[in-house]
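In what follows, a structure is listed as structure tokens, so that the remarks can point back to it.
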Amino acid sequence: MQLRIGNGYDIHRLVPGRPLILGGVALEHPDGLGLDGHSDADVLVHALMDALLGALSLGDIGLHFPPEDPRWKGADSLVLLEQVVALVQQRGWQVVNLDTVVVAERPRLKPHIEAMRSNIARRLGIEADRVGVKATTNEGLGPTGREEGIACHAVALLQQP
Ligand code: MG
């Protein structure tokens, strides 16, 4: 059996007048902020897609879904995730597990973690116990700490039986 590991990172700016979607869950920021971006700016799913692509050295989401392409304007990132998983499966690989850390001061993510895990697991066709979603604050430090943006780190492990 062969194994591959991939790493992903993304950050999006917090701005007024945009939805705040993480792991396919629409959240309410206490100051009414959301994530800026060409697609729905789901930073969690973006980091995850980069981890999956990285595991097979298939480039990054900017290569597969260029931001200047009007097809991806306002795109549901979970639909893009399905396309990335299809690429992985076409090459004969399966997802063993994924793990992610969202870095956000607010809102509190804990009540929504299970919904995010199940959204992602469903799109990947795997059990939710293979999808880790964790949340941390940045203790007020740096751009995420100042709530200028929300970031996410992800790793993905793939196997080829
Ligand atoms: Mg992104």
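Readers should treat all values here as calculations from the given coordinates under stated rules, not as data from a laboratory. It should be emphasised that the depicted structure is a prediction, and the values quoted were computed from it without experimental measurement. Here the Cβ is made from the backbone with ideal geometry for all residues, glycine too, and neighbour counts use every protein chain on show.
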Problem - Distant alpha-carbon pairs in the stretch 65-161 (separation over 20 angstrom), percent - result: 49
Handout entry: Check: the chain dipole with +1 on Lys, Arg Cβ and -1 on Asp, Glu Cβ, in debye
Key = 340
Practice task
Using a Gaussian network model of the chain whose springs link C-alpha atoms within less than 10 Å, name the residue from Leu109, Leu63, Leu22 with the highest mean-square fluctuation.
Solution key: Leu63
Practice task
May I ask you to evaluate 6.51 cos²θ - 1.76 cosθ + 1.60, the Karplus curve with θ = phi - 60°, for each residue of the stretch 42-53 and list the ³J(HN,Hα) values in order in whole Hz, giving x for glycine and proline?
Solution key: 6, 5, 5, 5, 5, 4, 5, 4, 5, 5, 5, 5
Completion exercise
Calculated from DSSP helices alone, with each H run of at least 4 adding -39500 (n - 2.57) and the total divided by the residues of the chain, [θ]222 nm to the nearest 500 comes to -8500 deg cm²/dmol
Fill in the blank from the handout: Cα extents of the stretch 1-61 along the principal axes, largest first, in whole Å, come to 48, 18, 13
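If R0 is 45 Å, what FRET efficiency do you get for Ser57 and Lys134 from their C-beta distance, rounded to 0.05?
Values: r = 26 Å, r/R0 = 0.58.
It comes to 0.95.
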Problem - Computed label-point distance, nm, for sites Glu114 and Asn97 using a 7 Å Cα→Cβ extension - result: 2.0
Fill in the blank from the handout: Under the Karplus relation with 6.51, -1.76 and 1.60 and θ = phi - 60°, whole-Hz ³J(HN,Hα) for the stretch 4-18, x at Gly and Pro, equal 9, 10, x, 10, x, 9, 8, 9, 10, 6, 8, 9, x, x, 10
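So, counting K/R as plus one and D/E as minus one, what does the shell of residues with Cβ under 11 Å around Arg130 add up to?
Working: positive: Arg117; negative: Asp99, Glu127, Asp129.
Spelling it out: positives minus negatives among the neighbours equals -2.
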Completion exercise
Long-range amide H partners of Leu20, meaning residues 5 or more apart or on another chain whose placed amide H is closer than 5 Å, are Leu27, Leu35
